[in-house]
Amino acid sequence: MNNSVGNTGRVLWAGLRALLVLTLVCGVLYPLAVTGIAQLAFPGKANGSEIEDASGKVVGSELIGQTYNVPLKEGEETAAPDLRWFQPRPSNGLGANSVNTRYSIILSGATNRSGDNEDLITWVTDAKAAVVKDNSTAGHPVKPSDVPADAVTSSGSGLDPHISPEYAKLQVHRVAEKNHLTVEQVDKLVADHTDDRILGFIGEPRVHVLRLNIALKDIVAAKG
């Protein structure tokens, strides 16, 4: 009996020591080491890939898209896009706001609907009609065939911060008109903020919407 109790006590004490040691190593020392290495080697990525505007204010993340909508009016449930800004891909997951610090995540993920789903077809059809309407300006009508796929479909995560150069260029005339800029000025902004394929062959050319809108905000402010 005494031997049994003693053996049980030794086993429990050994288990407790193992728990304490593993908690210290895996729960304290290892996280501190990884965090320290990350802060030294990749401080920007370790801190959320934050993006700052010209004043040094954090306005978003390199990895998460934002919406650019006008504030909801009383009785409205769906915000309308603020057409002064370049618009991102459609998604219910993007944080609601424009070039400032209010970029909370609502949700992420794709629709998980098949290509022949009636709801998805309706959403895409309505989105295409809205893109055509919003981006058609005097002397520059947009045709449905001009609308690229990323203008009317969300990404797999629902958080994509990029759009295609084609979608960015589609918005140039509207952005120029709303901000009283020339088409050439806005077109140059898009060209300057178009990133090529990674290493020249990975992925597709892309435009980071937040960085583009920060540059747009700066040029509008400089114009006075």
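The values are calculated or read from the model by the stated rules, or taken from the named source; none is laboratory data. What you are looking at is a predicted structure, and each value in this text was computed from that prediction instead of being measured. Virtual Cβ from ideal backbone geometry, glycine too; neighbours counted across all protein chains shown.
Brief remarks follow.
- For region 156-175, the candidate set comprises residues that are surrounded by fewer than 20 Cβ atoms within 10 Å (Cβ to Cβ) and part of a helix (DSSP H, G or I); within that set, the residue that is nearest to the chain's Cα centre (by Cα) is 165.
- Every pair of residues 6+ apart whose Cβ atoms lie under 6 Å, when the first sits in region 55-73 and is loosely packed, with under 13 Cβ neighbours inside 10 Å while the second is not in a strand (DSSP E or B): 72/79
- Residue 189 satisfies every condition listed in (1) in contact with a Ser or Thr (Cβ under 6 Å, 6 or more places away or on another chain); (2) within 23 Å of residue 50 (Cβ to Cβ); (3) of a type outside the set (Gly, Ala, Ser) except (1).
For (1) closer than 20 Å to residue 172 by Cβ; (2) modelled with pLDDT of 85 or more; (3) not in a loop (DSSP other than H, G, I, E, B), each residue gets a yes or a no:
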| site | (1), (2), (3) |
| --- | --- |
| 54 | no, no, no |
| 60 | no, yes, yes |
| 73 | no, no, no |
| 76 | no, no, no |
| 79 | no, no, no |
| 85 | yes, yes, no |
| 90 | yes, yes, no |
